[in-house]
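Visitor: Sharing a structure below in C-alpha coordinates format, with a few things to ask.
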Amino acid sequence: MSTNHRPSCKLTAWQALETHYRKVSELPLRKLFSDDPKRGERLAVEAIGIYLDYSKHRITDETVKLLLQLAAASGLGDHIEAMFRGDKVNVTEGRAALHVALRAGKGQTMLVDGINVVPQVHAVLDKMAGFANRLRSGGWKGHTGKPIRNVVNIGIGGSDLGPVMAYEALRYYSQRGLTFRFVSNIDGTDFIEATHDLDAEETLFIITSKTFKTLETMTNAHSARDWILAALKSPDAVAKHFVAVSSNAQEVAKFGIDADHMFTFWDWVGGRYSMCSAIGLSTMVAIGPEHFRAMLDGFQQMDGHFRSAPFEQNLPVLMGLLAVWYNNFFGAETLAVLPYEQYLKRFPAYLQQLAMESNGKHVSTDGANVAHQTCPIYWGEVGSNGQHSFYQLLHQGTKLVPCDFIGFARPLNPLGRHHDLLLANMFAQAEALAFGKTSQELGREGVPAWQAPHKTFEGNRPSSTILVERLTPMALGKLVALYEHSVFTQGVIWGINSFDQWGVELGKELAMQILPELDGQSKGQSKQDSSTGALIQRYLTLKGQ
Ligand code: F6P
(Lines give C-alpha, C1' and ligand atoms only; values in the text may rest on other atoms or scores of the structure.)
Protein backbone atom coordinates (compact mmCIF):
# COMPACT_ATOMS: atom_id res chain seq x y z
CA MET A 1 0.00 0.00 0.00
CA SER A 2 1.50 3.28 -1.04
CA THR A 3 1.65 6.16 1.41
CA ASN A 4 1.51 8.60 -1.47
CA HIS A 5 -1.97 9.85 -1.18
CA ARG A 6 -3.79 11.60 -3.97
CA PRO A 7 -5.59 14.42 -2.14
CA SER A 8 -9.14 13.21 -1.56
CA CYS A 9 -10.69 16.40 -2.89
CA LYS A 10 -8.82 15.93 -6.19
CA LEU A 11 -10.55 12.62 -6.81
CA THR A 12 -13.16 12.65 -9.56
CA ALA A 13 -15.57 10.96 -7.16
CA TRP A 14 -15.14 13.79 -4.65
CA GLN A 15 -15.75 16.42 -7.29
CA ALA A 16 -18.82 14.54 -8.49
CA LEU A 17 -20.11 14.68 -4.91
CA GLU A 18 -19.53 18.44 -4.80
CA THR A 19 -21.65 18.91 -7.90
CA HIS A 20 -24.24 16.50 -6.59
CA TYR A 21 -24.34 18.29 -3.23
CA ARG A 22 -25.42 21.50 -4.95
CA LYS A 23 -28.35 19.62 -6.47
CA VAL A 24 -29.60 17.79 -3.40
CA SER A 25 -28.58 19.84 -0.39
CA GLU A 26 -31.88 21.71 -0.23
CA LEU A 27 -34.10 18.70 -0.91
CA PRO A 28 -36.50 18.36 2.01
CA LEU A 29 -36.69 15.00 3.74
CA ARG A 30 -40.47 15.42 3.69
CA LYS A 31 -40.39 15.32 -0.08
CA LEU A 32 -37.89 12.46 -0.26
CA PHE A 33 -40.21 10.42 1.95
CA SER A 34 -43.44 11.35 0.20
CA ASP A 35 -41.91 10.59 -3.23
CA ASP A 36 -40.78 7.18 -2.04
CA PRO A 37 -43.20 5.60 0.44
CA LYS A 38 -40.83 2.70 1.03
CA ARG A 39 -37.77 4.86 1.72
CA GLY A 40 -37.78 4.11 5.44
CA GLU A 41 -37.47 0.39 4.79
CA ARG A 42 -35.28 0.68 1.71
CA LEU A 43 -32.54 2.83 3.21
CA ALA A 44 -31.80 0.48 6.06
CA VAL A 45 -29.36 -2.35 6.58
CA GLU A 46 -29.58 -5.21 9.00
CA ALA A 47 -26.47 -7.26 9.64
CA ILE A 48 -25.20 -9.37 12.53
CA GLY A 49 -28.09 -8.27 14.72
CA ILE A 50 -27.68 -4.53 14.16
CA TYR A 51 -30.35 -2.59 12.33
CA LEU A 52 -29.22 0.71 10.85
CA ASP A 53 -31.88 3.06 9.52
CA TYR A 54 -30.17 5.72 7.42
CA SER A 55 -33.25 6.89 5.57
CA LYS A 56 -33.48 10.15 7.53
CA HIS A 57 -30.34 11.46 5.88
CA ARG A 58 -30.20 14.16 3.27
CA ILE A 59 -29.27 11.72 0.57
CA THR A 60 -30.68 10.16 -2.56
CA ASP A 61 -29.75 6.87 -4.19
CA GLU A 62 -27.34 8.90 -6.29
CA THR A 63 -25.63 10.21 -3.15
CA VAL A 64 -25.06 6.69 -1.89
CA LYS A 65 -23.74 5.64 -5.28
CA LEU A 66 -21.28 8.55 -5.37
CA LEU A 67 -20.16 7.99 -1.78
CA LEU A 68 -19.50 4.35 -2.60
CA GLN A 69 -17.51 5.49 -5.63
CA LEU A 70 -15.49 7.74 -3.35
CA ALA A 71 -14.78 4.79 -1.06
CA ALA A 72 -13.64 2.73 -4.04
CA ALA A 73 -11.53 5.57 -5.46
CA SER A 74 -9.88 6.03 -2.06
CA GLY A 75 -8.86 2.38 -2.09
CA LEU A 76 -10.90 1.56 0.99
CA GLY A 77 -10.98 -2.17 0.16
CA ASP A 78 -7.17 -2.30 -0.09
CA HIS A 79 -6.77 -0.34 3.13
CA ILE A 80 -9.09 -2.71 4.99
CA GLU A 81 -7.09 -5.68 3.74
CA ALA A 82 -3.83 -3.98 4.66
CA MET A 83 -5.04 -3.44 8.22
CA PHE A 84 -6.24 -7.04 8.59
CA ARG A 85 -3.04 -8.34 6.97
CA GLY A 86 -0.95 -6.69 9.68
CA ASP A 87 0.73 -4.22 7.32
CA LYS A 88 2.34 -1.27 9.05
CA VAL A 89 -0.62 0.99 8.38
CA ASN A 90 0.47 3.26 11.22
CA VAL A 91 3.12 4.71 8.94
CA THR A 92 4.47 7.43 11.22
CA GLU A 93 5.26 4.95 13.96
CA GLY A 94 6.09 2.07 11.64
CA ARG A 95 3.54 -0.23 13.28
CA ALA A 96 0.67 -2.47 12.42
CA ALA A 97 -2.76 -1.62 13.85
CA LEU A 98 -3.97 -5.13 14.40
CA HIS A 99 -6.53 -4.72 17.17
CA VAL A 100 -8.69 -7.13 15.15
CA ALA A 101 -6.28 -9.90 16.24
CA LEU A 102 -7.27 -9.29 19.87
CA ARG A 103 -10.67 -10.80 19.22
CA ALA A 104 -9.64 -13.53 16.78
CA GLY A 105 -10.71 -17.09 17.55
CA LYS A 106 -8.08 -19.57 18.78
CA GLY A 107 -7.59 -21.27 15.43
CA GLN A 108 -7.21 -18.09 13.38
CA THR A 109 -3.97 -16.76 11.98
CA MET A 110 -3.09 -13.08 12.06
CA LEU A 111 0.41 -12.05 11.22
CA VAL A 112 2.65 -9.29 12.46
CA ASP A 113 6.11 -9.40 10.87
CA GLY A 114 5.37 -12.92 9.69
CA ILE A 115 4.49 -14.20 13.18
CA ASN A 116 1.04 -15.45 14.06
CA VAL A 117 0.07 -13.34 17.07
CA VAL A 118 -3.19 -15.15 17.86
CA PRO A 119 -1.56 -17.73 20.20
CA GLN A 120 0.03 -14.89 22.21
CA VAL A 121 -3.32 -13.15 22.40
CA HIS A 122 -4.97 -16.27 23.77
CA ALA A 123 -2.15 -16.97 26.22
CA VAL A 124 -2.77 -13.53 27.75
CA LEU A 125 -6.55 -14.02 27.71
CA ASP A 126 -6.06 -17.30 29.58
CA LYS A 127 -3.81 -15.66 32.14
CA MET A 128 -6.38 -12.87 32.57
CA ALA A 129 -9.13 -15.46 33.03
CA GLY A 130 -7.13 -17.27 35.72
CA PHE A 131 -6.62 -14.00 37.59
CA ALA A 132 -10.23 -12.86 37.12
CA ASN A 133 -11.64 -16.14 38.38
CA ARG A 134 -9.36 -16.13 41.40
CA LEU A 135 -10.34 -12.62 42.28
CA ARG A 136 -14.06 -13.17 41.67
CA SER A 137 -14.08 -16.30 43.82
CA GLY A 138 -12.32 -14.59 46.73
CA GLY A 139 -9.20 -16.70 46.15
CA TRP A 140 -6.93 -13.69 45.66
CA LYS A 141 -6.10 -12.49 49.14
CA GLY A 142 -4.61 -9.18 50.17
CA HIS A 143 -1.50 -8.81 52.35
CA THR A 144 -3.42 -9.39 55.58
CA GLY A 145 -5.28 -12.40 54.22
CA LYS A 146 -8.58 -10.68 53.50
CA PRO A 147 -10.12 -11.32 50.07
CA ILE A 148 -10.05 -8.46 47.60
CA ARG A 149 -13.39 -6.70 47.27
CA ASN A 150 -12.38 -3.43 45.60
CA VAL A 151 -10.69 -3.07 42.25
CA VAL A 152 -9.27 0.32 41.27
CA ASN A 153 -8.18 0.75 37.66
CA ILE A 154 -5.56 3.46 37.25
CA GLY A 155 -4.97 4.55 33.66
CA ILE A 156 -5.81 7.36 31.27
CA GLY A 157 -6.99 7.77 27.67
CA GLY A 158 -7.37 4.37 26.07
CA SER A 159 -6.19 2.76 29.30
CA ASP A 160 -9.19 4.24 31.11
CA LEU A 161 -11.98 5.16 28.72
CA GLY A 162 -12.47 1.65 27.32
CA PRO A 163 -12.42 -0.03 30.76
CA VAL A 164 -14.74 2.50 32.38
CA MET A 165 -17.13 2.61 29.43
CA ALA A 166 -17.30 -1.19 29.26
CA TYR A 167 -17.74 -1.51 33.03
CA GLU A 168 -20.63 0.94 32.99
CA ALA A 169 -22.13 -0.57 29.83
CA LEU A 170 -22.01 -4.11 31.19
CA ARG A 171 -22.63 -3.37 34.83
CA TYR A 172 -25.82 -5.42 34.66
CA TYR A 173 -23.61 -8.48 34.10
CA SER A 174 -21.04 -7.58 36.76
CA GLN A 175 -20.32 -9.29 40.04
CA ARG A 176 -22.05 -7.00 42.48
CA GLY A 177 -19.98 -8.05 45.50
CA LEU A 178 -16.98 -6.31 43.98
CA THR A 179 -16.59 -2.55 43.85
CA PHE A 180 -14.93 -0.99 40.81
CA ARG A 181 -13.41 2.47 40.64
CA PHE A 182 -11.52 4.21 37.86
CA VAL A 183 -8.85 6.83 38.45
CA SER A 184 -7.48 8.74 35.49
CA ASN A 185 -7.04 12.43 36.25
CA ILE A 186 -3.77 13.72 37.67
CA ASP A 187 -5.93 15.98 39.83
CA GLY A 188 -5.44 14.44 43.28
CA THR A 189 -9.18 14.67 43.87
CA ASP A 190 -9.75 11.78 41.49
CA PHE A 191 -7.59 9.42 43.53
CA ILE A 192 -8.76 10.72 46.92
CA GLU A 193 -12.45 10.45 46.08
CA ALA A 194 -12.02 7.01 44.49
CA THR A 195 -10.29 5.58 47.54
CA HIS A 196 -11.61 7.53 50.54
CA ASP A 197 -14.14 4.88 51.58
CA LEU A 198 -12.09 1.82 50.60
CA ASP A 199 -10.33 -0.53 52.97
CA ALA A 200 -6.73 -0.91 51.79
CA GLU A 201 -6.66 -4.52 53.00
CA GLU A 202 -9.40 -5.38 50.48
CA THR A 203 -8.26 -3.16 47.60
CA LEU A 204 -6.32 -4.13 44.49
CA PHE A 205 -4.97 -1.64 41.97
CA ILE A 206 -4.70 -2.46 38.29
CA ILE A 207 -2.18 -0.08 36.78
CA THR A 208 -2.97 0.09 33.08
CA SER A 209 -0.54 1.85 30.82
CA LYS A 210 0.81 0.74 27.49
CA THR A 211 4.02 2.70 28.00
CA PHE A 212 4.04 2.63 31.82
CA LYS A 213 5.46 6.13 31.54
CA THR A 214 2.35 8.29 31.29
CA LEU A 215 2.66 11.11 33.80
CA GLU A 216 -0.93 10.99 35.06
CA THR A 217 -0.98 7.23 35.48
CA MET A 218 2.43 6.95 37.10
CA THR A 219 1.68 9.81 39.50
CA ASN A 220 -1.57 8.10 40.53
CA ALA A 221 0.17 4.70 40.72
CA HIS A 222 2.79 6.09 43.11
CA SER A 223 0.08 7.69 45.25
CA ALA A 224 -1.69 4.33 45.30
CA ARG A 225 1.49 2.62 46.44
CA ASP A 226 1.96 5.22 49.18
CA TRP A 227 -1.67 4.70 50.21
CA ILE A 228 -1.22 0.92 50.46
CA LEU A 229 2.11 1.21 52.27
CA ALA A 230 0.73 3.77 54.74
CA ALA A 231 -2.15 1.44 55.60
CA LEU A 232 -0.46 -1.95 55.47
CA LYS A 233 2.99 -0.87 56.64
CA SER A 234 4.99 -3.38 54.65
CA PRO A 235 6.69 -3.22 51.24
CA ASP A 236 5.59 -6.85 50.73
CA ALA A 237 2.01 -5.61 50.42
CA VAL A 238 2.73 -4.26 46.92
CA ALA A 239 2.84 -7.77 45.47
CA LYS A 240 -0.67 -8.59 46.69
CA HIS A 241 -2.30 -5.26 45.95
CA PHE A 242 -0.93 -4.30 42.53
CA VAL A 243 -1.07 -5.85 39.11
CA ALA A 244 0.04 -4.18 35.89
CA VAL A 245 -1.17 -4.14 32.32
CA SER A 246 1.46 -2.86 29.96
CA SER A 247 3.64 -3.52 26.95
CA ASN A 248 6.70 -2.24 28.85
CA ALA A 249 7.97 -5.03 31.11
CA GLN A 250 11.06 -3.06 32.16
CA GLU A 251 9.12 -0.12 33.55
CA VAL A 252 6.67 -2.47 35.30
CA ALA A 253 9.59 -4.22 37.01
CA LYS A 254 11.04 -0.83 38.02
CA PHE A 255 7.77 0.00 39.73
CA GLY A 256 8.10 -3.20 41.73
CA ILE A 257 5.40 -5.37 40.18
CA ASP A 258 6.70 -8.80 39.32
CA ALA A 259 6.29 -10.45 35.93
CA ASP A 260 3.69 -12.95 37.19
CA HIS A 261 1.40 -10.07 38.00
CA MET A 262 1.88 -8.33 34.71
CA PHE A 263 -0.48 -8.77 31.76
CA THR A 264 1.11 -7.84 28.52
CA PHE A 265 0.02 -6.45 25.19
CA TRP A 266 1.84 -5.31 22.11
CA ASP A 267 2.92 -2.24 20.19
CA TRP A 268 0.50 -3.13 17.38
CA VAL A 269 -2.41 -2.32 19.74
CA GLY A 270 -3.14 1.39 19.85
CA GLY A 271 -4.31 2.84 23.18
CA ARG A 272 -7.78 3.73 21.93
CA TYR A 273 -8.13 0.33 20.29
CA SER A 274 -7.03 -1.63 23.36
CA MET A 275 -10.16 -2.47 25.33
CA CYS A 276 -10.10 -6.06 23.99
CA SER A 277 -6.51 -6.54 25.16
CA ALA A 278 -5.32 -6.98 28.75
CA ILE A 279 -6.35 -3.33 29.19
CA GLY A 280 -9.81 -4.89 29.57
CA LEU A 281 -8.70 -6.77 32.71
CA SER A 282 -11.02 -4.81 34.99
CA THR A 283 -13.87 -5.54 32.55
CA MET A 284 -13.09 -9.23 32.70
CA VAL A 285 -12.93 -9.21 36.49
CA ALA A 286 -16.29 -7.41 36.58
CA ILE A 287 -18.23 -9.54 34.11
CA GLY A 288 -16.24 -12.79 34.12
CA PRO A 289 -14.23 -14.46 31.35
CA GLU A 290 -17.26 -15.92 29.56
CA HIS A 291 -19.03 -12.62 29.14
CA PHE A 292 -15.70 -11.06 28.15
CA ARG A 293 -15.32 -13.69 25.43
CA ALA A 294 -18.85 -12.95 24.27
CA MET A 295 -17.89 -9.28 23.99
CA LEU A 296 -14.83 -10.23 21.93
CA ASP A 297 -17.03 -12.41 19.72
CA GLY A 298 -19.25 -9.39 19.11
CA PHE A 299 -16.20 -7.37 18.03
CA GLN A 300 -15.10 -10.25 15.85
CA GLN A 301 -18.46 -10.52 14.12
CA MET A 302 -18.30 -6.86 13.22
CA ASP A 303 -14.70 -7.28 12.03
CA GLY A 304 -15.84 -10.07 9.72
CA HIS A 305 -18.76 -8.00 8.48
CA PHE A 306 -16.52 -4.99 7.81
CA ARG A 307 -14.02 -7.09 5.93
CA SER A 308 -16.45 -9.05 3.80
CA ALA A 309 -19.80 -7.28 3.35
CA PRO A 310 -20.30 -5.37 0.11
CA PHE A 311 -19.86 -1.68 0.82
CA GLU A 312 -23.51 -0.86 0.07
CA GLN A 313 -24.53 -3.16 2.95
CA ASN A 314 -21.53 -2.57 5.14
CA LEU A 315 -22.54 -0.89 8.39
CA PRO A 316 -19.23 0.81 9.30
CA VAL A 317 -18.62 1.84 5.70
CA LEU A 318 -22.05 3.43 5.36
CA MET A 319 -21.74 5.22 8.69
CA GLY A 320 -18.24 6.42 7.86
CA LEU A 321 -19.33 7.70 4.44
CA LEU A 322 -22.32 9.53 5.92
CA ALA A 323 -19.98 11.22 8.40
CA VAL A 324 -17.82 12.33 5.46
CA TRP A 325 -20.90 13.55 3.55
CA TYR A 326 -21.91 15.99 6.29
CA ASN A 327 -18.39 16.89 7.35
CA ASN A 328 -17.03 17.70 3.94
CA PHE A 329 -19.99 18.70 1.82
CA PHE A 330 -22.48 20.24 4.25
CA GLY A 331 -19.71 21.67 6.41
CA ALA A 332 -21.14 20.14 9.59
CA GLU A 333 -18.61 20.51 12.37
CA THR A 334 -19.93 17.98 14.84
CA LEU A 335 -21.67 14.63 15.14
CA ALA A 336 -23.83 13.78 18.15
CA VAL A 337 -24.07 10.26 19.54
CA LEU A 338 -27.25 9.81 21.55
CA PRO A 339 -27.68 6.42 23.22
CA TYR A 340 -31.14 5.81 24.64
CA GLU A 341 -29.65 3.47 27.19
CA GLN A 342 -28.50 4.54 30.62
CA TYR A 343 -25.77 1.88 30.71
CA LEU A 344 -24.12 3.59 27.72
CA LYS A 345 -23.57 6.82 29.60
CA ARG A 346 -19.81 6.78 28.99
CA PHE A 347 -20.12 5.72 25.36
CA PRO A 348 -19.91 9.25 23.91
CA ALA A 349 -16.79 9.98 25.98
CA TYR A 350 -15.22 6.75 24.77
CA LEU A 351 -16.02 7.66 21.16
CA GLN A 352 -14.45 11.07 21.57
CA GLN A 353 -11.00 9.58 21.99
CA LEU A 354 -11.65 6.87 19.43
CA ALA A 355 -12.69 9.32 16.72
CA MET A 356 -10.85 12.51 17.53
CA GLU A 357 -7.48 11.09 18.59
CA SER A 358 -7.66 8.94 15.45
CA ASN A 359 -8.79 11.45 12.88
CA GLY A 360 -8.09 14.88 14.36
CA LYS A 361 -5.22 15.42 11.90
CA HIS A 362 -4.39 18.06 9.32
CA VAL A 363 -1.77 16.23 7.34
CA SER A 364 -2.21 13.22 5.13
CA THR A 365 -0.12 10.06 5.43
CA ASP A 366 2.56 11.53 3.16
CA GLY A 367 2.94 14.64 5.34
CA ALA A 368 1.16 17.08 3.03
CA ASN A 369 -1.45 19.42 4.46
CA VAL A 370 -4.95 18.21 3.67
CA ALA A 371 -7.10 20.57 1.64
CA HIS A 372 -10.34 19.47 3.27
CA GLN A 373 -11.85 19.09 6.69
CA THR A 374 -11.12 15.97 8.71
CA CYS A 375 -12.69 14.61 11.89
CA PRO A 376 -16.00 16.03 13.10
CA ILE A 377 -16.28 16.74 16.81
CA TYR A 378 -17.96 13.74 18.38
CA TRP A 379 -20.07 14.48 21.41
CA GLY A 380 -23.25 13.30 23.04
CA GLU A 381 -25.22 12.31 26.06
CA VAL A 382 -27.70 9.65 26.96
CA GLY A 383 -31.31 10.26 26.00
CA SER A 384 -33.53 11.47 27.47
CA ASN A 385 -31.25 13.73 29.54
CA GLY A 386 -29.98 15.42 26.40
CA GLN A 387 -33.55 16.26 25.41
CA HIS A 388 -33.81 18.57 28.39
CA SER A 389 -30.47 20.13 27.75
CA PHE A 390 -29.10 20.69 24.24
CA TYR A 391 -31.79 19.23 21.95
CA GLN A 392 -33.23 22.73 21.60
CA LEU A 393 -30.17 23.56 19.50
CA LEU A 394 -30.47 20.33 17.53
CA HIS A 395 -34.05 21.18 16.57
CA GLN A 396 -34.02 24.93 16.13
CA GLY A 397 -30.42 26.12 16.30
CA THR A 398 -28.41 27.46 13.39
CA LYS A 399 -26.04 24.50 13.23
CA LEU A 400 -26.44 21.27 11.37
CA VAL A 401 -25.70 18.38 13.71
CA PRO A 402 -26.07 14.88 12.27
CA CYS A 403 -27.12 12.52 15.06
CA ASP A 404 -26.71 8.83 15.80
CA PHE A 405 -29.57 7.49 17.90
CA ILE A 406 -28.86 4.15 19.56
CA GLY A 407 -31.61 2.09 21.19
CA PHE A 408 -32.31 -1.44 22.40
CA ALA A 409 -35.61 -3.27 22.05
CA ARG A 410 -35.52 -5.26 25.28
CA PRO A 411 -34.64 -3.45 28.48
CA LEU A 412 -32.27 -5.02 30.97
CA ASN A 413 -34.28 -3.55 33.81
CA PRO A 414 -37.97 -3.65 32.87
CA LEU A 415 -39.92 -1.20 34.99
CA GLY A 416 -43.53 -0.38 34.20
CA ARG A 417 -43.78 1.66 31.00
CA HIS A 418 -40.29 3.17 31.31
CA HIS A 419 -38.76 1.44 28.34
CA ASP A 420 -41.57 2.12 25.87
CA LEU A 421 -41.55 5.73 26.98
CA LEU A 422 -37.79 5.89 26.48
CA LEU A 423 -37.95 4.43 22.99
CA ALA A 424 -41.02 6.49 22.06
CA ASN A 425 -38.87 9.51 22.82
CA MET A 426 -36.00 8.26 20.72
CA PHE A 427 -38.20 7.58 17.69
CA ALA A 428 -39.98 10.90 18.18
CA GLN A 429 -36.77 12.91 18.30
CA ALA A 430 -35.47 11.46 15.05
CA GLU A 431 -38.87 12.08 13.45
CA ALA A 432 -39.10 15.65 14.70
CA LEU A 433 -35.56 16.42 13.53
CA ALA A 434 -36.24 15.06 10.06
CA PHE A 435 -39.72 16.40 9.36
CA GLY A 436 -40.14 19.35 11.69
CA LYS A 437 -43.35 21.31 11.88
CA THR A 438 -44.43 23.98 9.40
CA SER A 439 -46.12 27.33 10.08
CA GLN A 440 -49.18 26.01 8.20
CA GLU A 441 -49.44 23.09 10.59
CA LEU A 442 -49.07 25.47 13.50
CA GLY A 443 -51.78 27.69 12.00
CA ARG A 444 -54.13 24.73 11.84
CA GLU A 445 -53.41 24.10 15.52
CA GLY A 446 -54.45 27.67 16.28
CA VAL A 447 -50.99 29.03 17.04
CA PRO A 448 -51.07 32.82 16.49
CA ALA A 449 -49.00 34.07 13.56
CA TRP A 450 -46.65 36.12 15.76
CA GLN A 451 -45.71 33.03 17.72
CA ALA A 452 -45.39 30.69 14.76
CA PRO A 453 -41.73 31.50 13.89
CA HIS A 454 -40.73 30.49 17.40
CA LYS A 455 -42.65 27.26 17.25
CA THR A 456 -41.68 26.27 13.73
CA PHE A 457 -39.33 23.35 13.26
CA GLU A 458 -37.70 23.55 9.88
CA GLY A 459 -36.79 19.85 9.94
CA ASN A 460 -34.30 18.39 7.48
CA ARG A 461 -31.97 17.58 10.34
CA PRO A 462 -30.39 14.24 9.62
CA SER A 463 -29.97 11.20 11.81
CA SER A 464 -29.18 7.52 11.80
CA THR A 465 -31.01 5.16 14.12
CA ILE A 466 -29.25 2.04 15.33
CA LEU A 467 -31.55 -0.54 16.84
CA VAL A 468 -30.32 -3.67 18.61
CA GLU A 469 -32.32 -6.32 20.43
CA ARG A 470 -30.67 -6.11 23.83
CA LEU A 471 -27.54 -4.69 25.42
CA THR A 472 -25.42 -7.79 25.92
CA PRO A 473 -21.62 -8.12 26.06
CA MET A 474 -21.76 -9.32 22.46
CA ALA A 475 -23.91 -6.37 21.37
CA LEU A 476 -21.49 -3.95 23.02
CA GLY A 477 -18.60 -5.55 21.13
CA LYS A 478 -20.45 -5.13 17.85
CA LEU A 479 -21.28 -1.50 18.58
CA VAL A 480 -17.76 -0.49 19.54
CA ALA A 481 -16.28 -2.26 16.51
CA LEU A 482 -18.90 -0.54 14.35
CA TYR A 483 -17.54 2.85 15.41
CA GLU A 484 -13.89 1.70 15.23
CA HIS A 485 -14.31 0.74 11.61
CA SER A 486 -16.42 3.77 10.78
CA VAL A 487 -13.58 5.93 12.11
CA PHE A 488 -11.11 3.92 10.01
CA THR A 489 -13.29 4.38 6.91
CA GLN A 490 -13.33 8.13 7.45
CA GLY A 491 -9.56 8.22 7.95
CA VAL A 492 -9.00 6.36 4.68
CA ILE A 493 -11.23 8.78 2.76
CA TRP A 494 -9.32 11.72 4.22
CA GLY A 495 -5.99 10.04 3.50
CA ILE A 496 -4.76 10.38 7.08
CA ASN A 497 -3.13 8.00 9.53
CA SER A 498 -5.83 7.13 12.07
CA PHE A 499 -3.38 5.33 14.34
CA ASP A 500 -0.87 7.89 15.59
CA GLN A 501 -1.45 10.76 18.05
CA TRP A 502 1.47 13.19 17.84
CA GLY A 503 -0.87 16.02 18.72
CA VAL A 504 -0.80 15.08 22.40
CA GLU A 505 2.98 15.50 22.73
CA LEU A 506 3.66 19.23 22.78
CA GLY A 507 1.48 19.96 25.80
CA LYS A 508 3.16 17.13 27.72
CA GLU A 509 6.64 18.56 26.94
CA LEU A 510 5.67 22.09 27.94
CA ALA A 511 4.09 20.89 31.20
CA MET A 512 7.42 19.36 32.19
CA GLN A 513 9.18 22.65 31.38
CA ILE A 514 6.65 24.62 33.43
CA LEU A 515 6.61 22.33 36.46
CA PRO A 516 9.91 23.58 37.96
CA GLU A 517 8.54 27.12 37.83
CA LEU A 518 5.53 26.05 39.90
CA ASP A 519 7.18 23.97 42.56
CA GLY A 520 9.93 26.46 43.31
CA GLN A 521 12.74 24.51 41.68
CA SER A 522 13.50 27.20 39.14
CA LYS A 523 13.99 30.75 40.29
CA GLY A 524 13.94 34.02 38.38
CA GLN A 525 12.33 35.05 35.14
CA SER A 526 9.81 32.63 33.60
CA LYS A 527 11.02 31.02 30.39
CA GLN A 528 7.49 31.01 28.99
CA ASP A 529 5.71 33.57 26.82
CA SER A 530 4.39 36.69 28.56
CA SER A 531 0.86 35.36 28.96
CA THR A 532 1.93 32.01 30.40
CA GLY A 533 4.59 33.74 32.50
CA ALA A 534 2.02 36.13 33.97
CA LEU A 535 -0.38 33.29 34.68
CA ILE A 536 2.37 31.37 36.47
CA GLN A 537 3.23 34.45 38.50
CA ARG A 538 -0.42 34.95 39.45
CA TYR A 539 -0.71 31.27 40.38
CA LEU A 540 2.33 31.50 42.65
CA THR A 541 0.96 34.64 44.29
CA LEU A 542 -2.45 33.08 44.87
CA LYS A 543 -1.01 29.93 46.32
CA GLY A 544 1.08 32.09 48.61
CA GLN A 545 4.58 31.74 47.29
O1 F6P B 1 -3.43 10.63 25.03
C2 F6P B 1 -2.29 10.06 24.52
C3 F6P B 1 -2.17 8.61 24.83
O4 F6P B 1 -0.96 8.15 24.32
C5 F6P B 1 -3.32 7.77 24.32
O6 F6P B 1 -3.23 7.43 23.00
C7 F6P B 1 -3.29 6.62 25.26
O8 F6P B 1 -4.48 5.91 25.22
C9 F6P B 1 -3.04 7.33 26.56
O10 F6P B 1 -2.15 8.38 26.24
C11 F6P B 1 -2.47 6.49 27.65
O12 F6P B 1 -1.23 5.95 27.33
P13 F6P B 1 -0.62 4.77 28.17
O14 F6P B 1 -1.52 3.60 28.05
O15 F6P B 1 0.74 4.51 27.57
O16 F6P B 1 -0.51 5.22 29.59
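Visitor: In this structure, does Asn425 turn out to be assigned to a loop (DSSP other than H, G, I, E, B), out of contact with any strand residue (DSSP E or B) (no Cβ under 6 Å at 6 or more places or on another chain), on the phi < 0 side of the Ramachandran plot and in contact (Cβ under 8 Å) with a residue 24 or more places away in the chain?
Guide: no
Visitor: Mind checking which helices (runs of 4 or more DSSP H) fall wholly inside region 189-272 and carry at least 3 residues that are free of Cβ contacts under 8 Å to residues at least 40 places away in the same chain?
Guide: 215-232, 249-255
Visitor: Now for a separate question. Under 7 Å between Cβ atoms, at least 6 apart or on separate chains: pull out the pairs that start in region 148-159 with a residue that is within 14 Å of His241 (Cβ to Cβ) and end on any residue that is near the ligand (Cβ under 6 Å from one of its atoms).
Guide: Matching pairs, first to second residue: Ile154/Thr217.
Visitor: For Asp197, indicate whether it is farther than 19 Å from Phe265 by Cβ, within 24 Å of the chain's Cα centre (by Cα) and either surrounded by fewer than 23 Cβ atoms within 10 Å (Cβ to Cβ) or within 16 Å of the ligand (Cβ to nearest atom) (or both).
Guide: When the stated conditions are applied, Asp197 does not pass them.
Visitor: Suppose we filter Leu52, Leu32 for residues that are over 28 Å from Asp303 (Cα atoms) and in contact with a Ser or Thr (Cβ under 8 Å, 6 or more places away or on another chain); which single one remains?
Guide: On the way: Leu52 fails: over 28 Å from Asp303 (Cα atoms).
Residue meeting the stated conditions: Leu32.
Visitor: Right, next: Just checking, which of Leu204, Leu215, Leu229 is away from the ligand (no atom under 16 Å from the Cβ), at negative phi and out of contact with any His (no Cβ under 6 Å at 6 or more places or on another chain)?
Guide: Leu229
Visitor: Taking region 477-523, which residues are farther than 30 Å from Ala101 by Cβ and assigned to a helix (DSSP H, G or I)?
Guide: If the condition is that a residue be farther than 30 Å from Ala101 by Cβ and assigned to a helix (DSSP H, G or I), then Leu506, Gly507, Glu509, Leu510, Ala511, Met512, Gln513, Ile514, Leu515, Pro516, Glu517, Leu518 are the ones that fit.
Visitor: For His143, work out the one condition from (1) under 24 Å from Ala259 (Cβ atoms); (2) within 15 Å of the ligand (Cβ to nearest atom) it doesn't fulfil.
Guide: Answer for His143: the failing condition is (2).
Visitor: Condition check: farther than 30 Å from Gly407 by Cβ, within 16 Å of the ligand (Cβ to nearest atom) and either open to solvent by 20 Å² or more (accessible area, probe 1.4 Å) or not small (Gly, Ala, Ser) (or both). Does Val152 satisfy that?
Guide: Yes, satisfied.
Visitor: What is the residue count in region 243-262 for residues that are away from the ligand (no atom under 13 Å from the Cβ) and either within 27 Å of Ser358 (Cα to Cα) or in contact with a Gly (Cβ under 8 Å, 6 or more places away or on another chain) (or both)?
Guide: So the count comes out to 1.
The values are calculated or read from the model by the stated rules, or taken from the named source; none is laboratory data. Because the structure is a prediction, the values reported are computed rather than measured. All Cβ positions, even for glycine, are placed from backbone atoms using ideal geometry, and neighbour counts span all protein chains on display. Accessible surface is based on the protein model in full, side chains and every heavy atom, while ligands, DNA and RNA are left aside. Shrake-Rupley method; radii C 1.70, N 1.55, O 1.52, S 1.80 Å.
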